[in-house]
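Down below is the structure, laid out as structure tokens.
Each value in this text was obtained by applying a stated rule to the coordinates, not by laboratory testing. Being a predicted model, the structure only gives us computed values, none of them experimental. Virtual Cβ from ideal backbone geometry, glycine too; neighbours counted across all protein chains shown.
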Amino acid sequence: MQIIHIFTELGTGLRRNVSMTLSLVVTTFVSLALVGFGLLVNEQAEATEEYFNGRSTLLVLLCSETSSGGTCVNGEVTREQREAVEAALEENPQVDSYTYETAEEQYEKAGELQNQTAAGRRAYEAAEPANFSAVYTVIPFDPNQVDGISEQLAGMSGIENLVNVADQLGLLYEFLDLLQFAALVIAAFLAVTSVLLVSNTIRLTAYARRKEIGIMRLVGASSWHIQLPFVLESMLATVLAGLLAVGSLAAMVELGVNRGLKQAFGDLTVWIGWSDAVFAGTLTMALAVVLGAIPPLVLTRKYLDV
Amino acid sequence: MIRFENVTKSYGSTKRPALHAVDVEVDKGEFVFLVGASGSGKSTFLRLILREAQPTTGRVFVAGKEINRLASWKVPGLRRQIGTVFQDFRLLPNKTVAENVAFALQVIGKPRATIRTVVPETLDLVGLAGKEDRMPEQLSGGEQQRVALARAVANRPMILIADEPTGNLDPTTSVGIMKLLDRINRTGTTVMMATHDVGIVDQMRKRVIELANGDVIRDQSRGAYGYQI
């Protein structure tokens, strides 16, 4: 009986507040979609960082079999040259750590990047490990010291090229950071609006139902029995908003990343995929449930005196 | 059943307390009139029993429990043992007579089968058999108060609190309601009724507790509204 009664109350509440509930759905949907978007941007930044071993790294590309001229007059880097480079890194007090990857490993890693697009895949299939350089990935103590380390290594034989990752990806990181910040700030404002809308709905409903609620309290209805229709009403709205937000995240990944960014800038970085969307979507849904449950629990206590 | 131990209740910063050092004990099955002028503390007295308010000092016991120390989640349990009726009936206008009574049972989680048997029984008890499907607006004042009474006693409470139940009714109708309250009292329910109705109090000859400015100035068994020697 209780359950039927609670759902009858829920139905009455939804009919009474249909426009308020719709506005709650829309506001919460936009807010949650932005939170999800912020999470995706964060995932993207992390994926990029992971691929390049951090934001401020120096890639020391050693001469490969196909290199020639300049510091690579001897063709592929020799063992002595490599030891000299390693010794220079060991001695440099600005170097925090470094890792070494062979040309073979670099070839494997490039596959991750290239295989994101059809064109990249074709190019990758034509390539072979010999086209790749062995690489030292150098992480400095201070991000500003990359140039200093670079200057020290410049001109050493056996080094084909020195790449400051920040030069290449700095703009991308800045863009991602700005995007994430903007999304989260707007989402926070909208989340506050959602809470205010829930609060407004509860106040109006509590006023419209003050007689029923008064009788319920008087005859000894438990607090949860009085609160539950309010909580369910708001949760229904936010969960619906959450589902719409998850849908929009899926659209962002499919249309924005898979068909957009990946095609246009396929070899810039490793782009996020469905597993990241599932992660962001799960967090977004969890937030939807929390946003739907907590404010009414607190506010009904305030407005209904239960 | 109900015991007030040195109970004082002040609201906000007002100088004079609404109730002042009240000591009262009401036994199970008693019928008690609470009389006194407006503002004498009658409503506060009833609110304290329902734990709608907390005493400033002193202790209130209902059914053996010190209710001012009751955890708030246990308050609904207390209120299920107390039926309440008011001067203004407080019926839900969009529900029928039967639905109004059933509502009180639904919201405390009574099974549907129980509600189906209890509602007609209770309406029969208050003399409203055959009017289950009427809306409150289709009933007279006396009948509406009977619905309110049916709602209050449907859960078989140990205590019935009536706050001026005849305040809106004509004398003849009031007698009918009083007979009903007397009948409910005879089933063992403790009845506590606040009233201004001199005629009823004088006629019923029940225990009278009189309040004036928050003090109990008289507690008389088989009393009348005013002093009688």
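Need one word for the stretch B:93-156: rounded, prolate or oblate. Basis is the Cα gyration tensor (sqrt eigenvalues a ≥ b ≥ c); a/c below 1.5 gives rounded, then a/b vs b/c decides.
Prolate, since a/c reaches 1.5 and a/b exceeds b/c.
Evaluate the distance, in nm, between pseudo-label points positioned 7 Å from the Cα of B:Q54 and of A:D96 along their respective Cα→Cβ axes.
With each label point 7 Å from Cα toward Cβ, the separation is 5.5 nm.
What number do you get for the stretch A:1-100 when its Cα radius of gyration is normalised by 2.2 N^0.38 Å, N = residues?
The reported ratio for this selection is 2.40.
Report, by chain and number, residues whose modeled amide H sits under 5 Å from the one on B:R218, excluding near sequence neighbours (fewer than 5 apart, same chain).
Long-range HN contacts for B:R218: B:E210.
Using a Gaussian network model of chain B whose springs link C-alpha atoms within less than 10 Å, name the residue from B:V32, B:V198, B:V153 with the highest mean-square fluctuation.
Largest GNM mean-square fluctuation: B:V198.
What aspartates and glutamates could a cross-link reach from B:K110, if we take a straight Cα to Cα line under 16 Å and drop same-chain neighbours fewer than 8 places away?
Within the straight-line cut-off, B:K110 pairs with B:E99, B:E121.
Between B:K28 and B:N6, take the C-beta separation as r, use R0 = 22 Å, and let me know the FRET efficiency to the nearest 0.05.
Working from the Cβ atoms, E equals 0.50.
Compute the acute angle (0 to 90°) between the alpha-carbon long axis of helix A:165-208 and the principal axis of greatest extent of the alpha-carbon atoms of chain A; round to the nearest 10°.
It is inclined by approximately 0 degrees.
For chain B, what is the percent of antiparallel DSSP beta bridges, rounded to the nearest 5?
Of all bridge pairs located within chain B, approximately 50 percent are antiparallel.
Which FRET efficiency value, to the nearest 0.05, is calculated for A:S275 and A:E104 with the Förster distance at 25 angstrom and r the Cβ-Cβ distance?
My answer for the efficiency is 0.40.
Hey, which aspartates and glutamates would be in cross-link range of B:K15, C-alpha to C-alpha under 19 Å, not counting anything within fewer than 8 residues on its own chain?
B:D215
If I take all pairs of Cα atoms in chain B, what percentage of them are more than 32 Å from each other?
That fraction is 19 percent.
Between A:K302 and A:N161, what length in nm is gained on full extension when 0.36 nm per residue of separation is reduced by their alpha carbon distance?
44.1 nm
What lysines could a cross-link reach from A:K262, if we take a straight Cα to Cα line under 20 Å and drop same-chain neighbours fewer than 8 places away?
Counting by Cα, and skipping residues close in sequence, A:K262 has these lysines nearby: A:K109.
How big is the antiparallel share of DSSP beta bridges in the protein assembly as shown, given as a percent to the nearest 5?
Looking only at bridges with both residues in the protein assembly as shown, the antiparallel portion is about 65 percent.
At 7 Å along the Cα-to-beta-carbon direction for both B:S140 and B:A37, put a label point, then send me their distance in nm to one decimal.
In this crude spin-label approximation the distance works out to 3.4 nm.
With the Cα gyration tensor of the stretch A:58-166 giving a ≥ b ≥ c as the square roots of its eigenvalues, does the rule (a/c under 1.5 for rounded; else a/b larger than b/c for prolate; else oblate) give rounded, prolate or oblate?
Oblate is the answer for the stretch A:58-166, as a/c is 1.5 or above yet b/c matches or exceeds a/b.
How far is helix B:112-125 tilted, in degrees, relative to the longest principal axis of the Cα atoms in chain B, given as a value from 0 to 90 rounded to the nearest 10?
On a 0 to 90 degree scale, this one is about 70.
Can you tell me the length gained on complete extension of the stretch A:T193 to A:L261, counting 0.36 nm per residue apart and subtracting the Cα distance?
21.3 nm
Tabulate in residue order the Karplus-calculated ³J(HN,Hα) for the stretch A:128-136, using 6.51 cos²θ - 1.76 cosθ + 1.60 with θ = phi - 60°, rounded to whole Hz; enter x for Gly and Pro.
9, x, 4, 6, 9, 9, 6, 9, 9
Rounded to the nearest 0.05, what FRET efficiency do B:K131 and A:A250 have when you use their Cβ-Cβ distance and R0 = 45 Å?
After rounding to 0.05, the efficiency reads 0.20.
Gaussian network model of chain B, Cα springs within a sub-10 Å range: biggest mean-square fluctuation belongs to which of B:R218, B:R51, B:R116?
Residue with maximal mean-square fluctuation among B:R218, B:R51, B:R116: B:R116.
Of the candidates B:T44, B:T166, B:T114, which one comes out as most mobile in a Gaussian network treatment of chain B with C-alpha springs shorter than 10 Å?
Among B:T44, B:T166, B:T114, the largest GNM mean-square fluctuation belongs to B:T114.
Amide H neighbours of B:R207 under 5 Å, counting only residues 5+ apart in sequence or on other chains, H built in-plane at 1.01 Å?
Excluding prolines and chain starts, which carry no amide H, the hits are B:F31, B:F33, B:R222, B:G223.
Taking the alpha-carbon set of chain A, what are its Rg and Dmax in Å?
Both quantities, over Cα of chain A: 28.7, 95 Å.
Over 22 Å between C-alpha atoms is what I'm after, so list which of B:K65/B:K206; B:K28/B:K131; B:K9/B:K42; B:K95/B:K131; B:K42/B:K95; A:K302/B:K65 land there.
Long pairs (Cα-Cα over 22 Å): B:K65/B:K206; B:K28/B:K131; B:K42/B:K95; A:K302/B:K65.
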